[in-house]
1. Relative to the Cα centre, what is the charge dipole magnitude of chain A, using +1 at the beta carbon of each Lys and Arg, -1 at the beta carbon of each Asp and Glu, and rounding to the nearest 20 debye?
2. Taking Cα centroids, how far is the range B:213-247 from the range B:61-107 in Å?
3. Set Lys and Arg Cβ to +1 and Asp and Glu Cβ to -1, take the dipole of the range B:2-246 about its Cα centre, and tell me which of B:ALA76, B:ALA102, B:VAL144 lies farthest positive.
4. Go through A:PHE67, B:VAL93, A:LEU416 and say which Cα lies farthest out towards the positive end of the charge dipole of the protein assembly as shown; charges sit on Cβ, +1 for Lys and Arg, -1 for Asp and Glu.
5. Once every Cα of the range B:2-246 carries one equal point scatterer and solvent is ignored, give the base-10 log of I(q)/I(0) from the Debye formula at q = 0.09, 0.10, 0.11 Å⁻¹, two decimals.
6. Roughly what % antiparallel, to the nearest 5, for the DSSP beta bridges in the protein assembly as shown?
7. Grab the other residues whose beta carbon is less than 9 angstrom from that of A:VAL325, score K and R as +1, D and E as -1, and report the net.
8. Take the alpha carbon gyration tensor of the range A:277-428, find the square roots of its eigenvalues, order them as a ≥ b ≥ c, and report rounded if a/c is under 1.5; if not, report prolate when a/b exceeds b/c, else oblate.
Amino acid sequence: MSAIPAGVEGFLHRFDGLRQRLPGARLPWLRALREAAAEAFRIQGFPTRRAEAWKYTDLRLVAEAGFEEPLSAIDDDPALPAPRGPYRAVFQDGRFREDLSTLEEAPFAAASLAAALPALEARLGALARPAEAALVALNTALFEDGLVVTVPAGVAGGVLELLSFASAGERPAAFHPRHLIRLEAGASLTLIETATGPAKARYLHNPVYEIELAEGATLTHARLQQEGLAAFQLGTAYARVASGATYDNFTLNAGGKLVRNEIHVVLEGPKAACHMNGAQLLRDGQHADTTTVLDHAAPDCASRQTYKTVLSGRSRGVFQGKIHVHQVAQRTDGYQMNQALLLSPEAEIDSKPQLEIYADDVKCSHGATVGEIDADQLFYLRARGIPEAKARAMLVEAFLTEAVEGVQDPVARDALQAAVAGWWEKAA
Amino acid sequence: MLKIEGLTAEVEGKPILQGIDLELPAGEIHAIMGPNGSGKSTLSYVLSGREGYEITGGSVTFDGIDLLALEPEERAAAGLFLAFQYPVELPGVGNALFLRTALNALRRHRGEAELDAMQFLKLARERMKALSMPEDMLKRGVNVGFSGGEKKRNEVLQMALLRPRLAILDETDSGLDIDALKIVADGVNALRAPDFSALVITHYQRLLDYIVPDRVHVLMGGRIVQSGGPELAKQLEASGYASVKAA
């Protein structure tokens, strides 16, 4: 047997112990999928910085942490925030809390993945393939639960909240929820996701999303990542966008010690659209990585990406954005901008835009800037009597505003605005 | 109210102000005129506390307190206001939020109750009407996409809201057409009061037709080389700064 990469053994060992107890263990197709995923993870191991896609983010801390899967009784109830809409799905340590969720009257079908598994053979793993990504392999082998949403054709689903809580366990826990979201033709949904956890708890939250948008569907997907500051969140989302459909993603990275937000979008029908916006707000000791992979695989599609990173203390931010315009994708309209504001000389940002264009009639632009607080702007505010700390906070917020303003859905935009507002004052 | 004595300052090791003496009593408006490069803008920035200016000598007191020891926001709280020659654009900062934050910072300092959004809006609309400013300027980013004239009017609006005791107008007339100039001048004249003073810094005499100063000082080579009544401005307009040099 060949050498097993670092950090893999512990997870595989637990997979061996848990394989009979994991949800869907009696489903042959799922058993085969999980076995293959565990094998894929054994072969790949955690990505290392030798891999181009992981050049700036080192997962050794995760590999060495020695997590245990929860699969234990949950005895504490999380403190739930005020609802943003009538429907919410609550997850604790990656498992559905039916007692805290309100989904019954929703105009769409939403349920626990663990309960729905027998009907999911065609959907689970349709987009997220273990052989292509180690974290997807890990998620596939060990997921215990997740959210399955289907919005029927033509239905306006309204706002659905997805709340994820981590418990303060004694040992570091890992959970790998799998979320499947499907909007049928002309349907719409605003999914607002909040992930939180205790300030000092060391845990790994490794969610994988598979998102399918049929013709003319619109999904607003706002992710507020506010994990505890000792936590790891490694999220991977796959979205397939059909003709005339729109995927509008905004990811706020504010929590966590080490975070990766990886999004793969394929615009596969004419006039599909995609907005990927985000803000990373980093304090001393935090590392956040946003990696986007966008495929323009059909003509007449539009994509907009605006990412803003604010870094203080000894923090590190990463943005990697790849746009692949296929030969068939004529009249593509693509835009990508990523900007960083450094508030400390010890902070670091790495930025890598990548455009691969194989069609000849396209409009594609990208840009990246790194800067500090503008001395003239700061003086102007102070000269009007605004104290320096407040003036700096206003300029940080102004820097982030452009990304948040791009979010079309007002409920999602308000939620993001509130999370961004005053961040710097709290952090300082 | 304002007393400048022997003020010298340099920028990047280069002396710009070379011994300025000036006394501005309460209730008076003084004009400082001078050619380009005479130190007019440096004086306004030194008084308002911008970084990058090394004070090498002299003193500035404002109502007896050492102005140069204060941070820019403390100077504003004490009642100083600089109307910028080039107002700064603040994309992403709404003009209304900016104005209200500034006003409330000063009100807090004065021990007055802060204004809520509605109270502020009412006050701002009144002041804007007086300055013929379109209301949508409140919704826009501070100075973003404003024309030159709009930026200057926005400075005067800030002045009208913050009600300083000492205003420094740094070439507020530059880039203004005659109508905008009158509006700006009306805004300044409306603040005239026994406890309001202003330093009007300008290259041209034109603005002084509308804001009639009590005294005119000529700044050349970093010094006040001549002082006189309002007639001095007209004289300069007719014969130019070269005549002063010759004198």
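1. On the way: 42 positive and 53 negative charges, 118 e Å.
So the dipole magnitude of chain A works out to roughly 560 debye.
2. What the calculation gives is 30 Å, centre to centre.
3. B:VAL144
4. In the protein assembly as shown, that residue is A:PHE67.
5. Listed by q, the Debye log ratios stand at -0.38, -0.47, -0.57.
6. Details: 31 of 180 bridges.
In the protein assembly as shown, DSSP labels about 15 percent of beta bridges as antiparallel.
7. Values: positive: none; negative: A:ASP295, A:GLU356.
Residues near A:VAL325 contribute -2 overall.
8. Working: a/c = 2.34, a/b = 1.97, b/c = 1.19.
Prolate shape, in that a/c is at least 1.5 and a/b is the bigger ratio.
Bear in mind that the values in this text are calculations on the coordinates, not laboratory data. Values in this document were obtained by computation on a predicted structure and should not be read as measured data. For neighbour counting, all protein chains shown are included, and Cβ atoms are generated from backbone atoms with ideal geometry for every residue, glycine included.
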